[in-house]
Structures are given as structure tokens and as C-alpha cells.
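As C-alpha cells, the structure follows; a few thoughts come after it.
The values are calculated or read from the model by the stated rules, or taken from the named source; none is laboratory data. Values in this document were obtained by computation on a predicted structure and should not be read as measured data. Here the Cβ positions follow ideal geometry from the backbone for every residue, glycine too, while neighbour counts run over all protein chains shown.
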Amino acid sequence: MLIGFLFEANPTLLLLVAAIWGATVVADSAQFSTCVTELGNPQYIGTALTIQTCIGFLLTSISIELIPRFVKLVGWRFAFVILAPGPLLGVIAMLRLRSLPEAVRIAQGRR
């Protein structure tokens with residue numbers, strides 16, 4: 001979300017934020033995949049990972065399609081706000097998972 005507010009800012013700062021964002025934006029994907037493999041029914045792990053990957057690509061495609069439309073409506077500074085629900089829902093989902101008894105099967109039982 002921060003990157004939109006850096007539109008027309010110092011290019012060095014924009015590049016730094018873009019590099020950090022680019023390096024960290026995919027970090028949760030590995031965590032979600034690990035949760036699927038450690039918590040899923042072994043018979044359906046491949047299918048579950050395929051569905052998860054497809055949903056991820058679908059959401060990415062939708063985001064790529066919607067951002068230019070929002071740029072036209074609200075400008076670059078606020079266009080990325082539409083992406084905020086994704087990470088928020090991810091955090092909520094992981095916190096909910098952490099509260100479940102099954103959570104001891106991931107992260108070597110650490111909560």
C-alpha cells in the first residue's frame with residue numbers, strides 16, 4: 001500500500017520500497033503451501049496445492065486487471081489500497097489457524 005504514496009517521490013526511495021516489496025510479497029506463499037502439506041489429507045495434497053496455486057494466480061490476475069481501473073478512479077496514490085484486504089485476510093486466517101488444535105502439526109508445534 002505504501003508504494004502508491006511514493007508516486008512522484010524520490011526515485012531512490014521508490015526503488016528501495018519496490019525492492020523490499022518485491023522480495024517480501026511472496027513470502028507468505030511458502031508458509032501457506034507448508035500449511036497445506038502439513039495439515040492436509042495426504043491423499044489430496046497434490047490437488048490441494050494445485051488449487052491453492054491456481055487461486056493465487058487468479059487473485060494476481062484479478063489484481064493486475066483491477067489496479068489500472070482504480071488508477072483511473074482514484075489516482076496512483078490510492079490505487080494500491082485495494083490490495084490491503086489480501087494481507088489482512090491472510091493474517092486473520094493464520095491467527096485463526098494458530099488457535100486451532102491442528103496448529104501443533106505445523107512449525108514443529110510452536111505457536
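Take the residues in the range 76-86 that are in contact (Cβ under 8 Å) with a residue 24 or more places away in the chain and not aromatic (Phe, Trp, Tyr); name whichever of them is surrounded by the most Cβ atoms within 10 Å (Cβ to Cβ). Once the filter is applied, the top-ranked residue is Ala79.
The set of residues from the range 71-110 being under 19 Å from the mean Cα position of the chain (by Cα) and of a type outside the set (A, V, I, L, M) comprises Phe78, Phe80, Pro85, Gly86, Pro87, Gly90, Arg96, Arg98.
Examine the range 47-69 for a residue that is surrounded by 14 or more Cβ atoms within 10 Å (Cβ to Cβ) and modelled with pLDDT of 95 or more, and state whether such a residue exists. The answer is yes; a qualifying residue exists. Among the residues of the range 12-26, which ones are surrounded by fewer than 10 Cβ atoms within 10 Å (Cβ to Cβ) and either in contact (Cβ under 8 Å) with a residue 60 or more places away in the chain or over 20 Å from the mean Cα position of the chain (by Cα) (or both)? Thr12, the sole residue that qualifies. Mind checking which helices (runs of 4 or more DSSP H) fall wholly inside the chain and carry at least 3 residues that are aliphatic (A, V, I, L, M)? Those helices (runs of 4 or more DSSP H) span 11-24, 27-39, 45-74, 85-99.
Going by the structure shown, is Ser29 within 15 Å of Met94 (Cα to Cα) and free of Cβ contacts under 8 Å to residues at least 60 places away in the same chain? I'd like the intermediate steps shown before the answer.
On the way: within 15 Å of Met94 (Cα to Cα): yes; free of Cβ contacts under 8 Å to residues at least 60 places away in the same chain: yes.
So Ser29 fits the description; yes.
Of everything listed in (1) surrounded by 11 or more Cβ atoms within 10 Å (Cβ to Cβ); (2) of a type outside the set (D, E, K, R); (3) within 30 Å of Phe7 (Cα to Cα), the single unmet condition for Ser33 is (3).
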